[in-house]
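Quick notes on the structure that follows.
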């Protein structure tokens, strides 16, 4: 399932996939895979993403 | 049957010792500093690549043994053993390339291309030696390496094109 919340949060911060990837120290393809729902990140990476984007884990990864 | 000389035994023993030394060294290496710049997804993909590479080697070995023993085909098992290693490395590389696990912060695409060019030069040197002085006994290995390199190059180029196209689509979506 696509993670549109991550994409939206990134767009709100006006960051490209490359920018976010650099900020959390992963490759751009990994960010792309998370957004597409092809890869489930570790909890450490989830926390790093939340910190950079200024949101909580629930905001990004909790499904209603 | 060829005689097993003392020199061969010494070289073989030293090779095994070197392999053991490398394996033990890798096991005790500080994992935090030895990630090669890969992120967590790339490490996972590299693990899968390793599995597929191993299966490829086993499969090619099994087929060549069967061809030589059951079908009595003129297959040089020593050469086929090395060919299986080449093909194993090829399957590892292709899987890693298409799953975006090949290039990392440290092992960039530029470095890989330089290594590939150096490898091509080495093969060209070996092929020249075969033509002029017959330094290389069996050209099958050089040819296999050539095919492996060409396949890797084609896949690298194709993946680069696919990535560029995908990036454009992603940017347009945003």
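Throughout, read-outs are computed from the coordinates displayed, never taken from laboratory work. Quick caveat, the model's predicted, so the values are computed rather than measured. Quick reminder, even Gly has a Cβ in these numbers, built from the backbone with ideal geometry, and neighbours come from all protein chains shown.
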Problem set entry | 0 to 90° range, to nearest 10: angle between helix B:77-98 axis and chain B longest Cα axis | 0
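Averaged across the residues of B:94-102, what count of C-beta atoms belonging to other chains lies within 10 Å of each residue's C-beta? Don't skip to the end; give the middle numbers.
Numbers: counts 0, 0, 0, 0, 0, 3, 6, 3, 0.
That average works out to 1.
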Exercise. So, by mean Cβ neighbours within 10 angstrom, what's the order for B:5-15, A:2-12 with the highest one leading?
Worked result: A:2-12, B:5-15
Seminar exercise, completed: The helix B:109-132 Cα axis meets the longest alpha-carbon principal axis of chain B at an angle in degrees, between 0 and 90 and rounded to 10, of 30
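Given the Cα-Cα distance of residue B:117 and residue B:70 and 0.36 nm per residue of separation, how much length would full extension add, in nm? Each step should come with its number before you reach the end.
Values: separation 47, 0.36 × 47 = 16.92 nm, distance 3.97 nm.
Answer, rounded to one decimal: 12.9 nm.
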Seminar exercise, completed: FRET efficiency (residue B:59, residue B:79; Cβ distance; R0 25 Å; to 0.05) is 0.90
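How shielded is A:26-37 by partner chains, expressed as the average number of their Cβ atoms within 10 Å of its Cβ atoms?
Details: counts 6, 10, 4, 10, 8, 2, 5, 4, 1, 1, 1, 0.
That works out to 4 on average.
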Exercise. How far is it, in nm, from the label point at residue A:16 to the one at residue B:109 when both lie 7 Å from their Cα along the line to the Cβ?
Worked result: 1.3
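Can you compute the FRET efficiency between residue A:59 and residue B:21 using 1/(1 + (r/R0)^6), with r the Cβ-Cβ distance and R0 = 41 Å? Round to the nearest 0.05.
Values: r = 50 Å, r/R0 = 1.21.
About 0.25, to the nearest 0.05.
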Seminar exercise, completed: For the residue A:44, residue A:2 Cβ pair and Förster radius 30 Å, calculated FRET efficiency rounded to 0.05 is 0.85
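For peptide B:158-169, how many partner chain Cβ atoms fall within 10 Å of a residue's Cβ, on average? Don't skip to the end; give the middle numbers.
Values: counts 0, 0, 0, 0, 0, 3, 0, 0, 2, 5, 0, 0.
Neighbouring Cβ atoms belonging to other protein chains average 1 per residue here.
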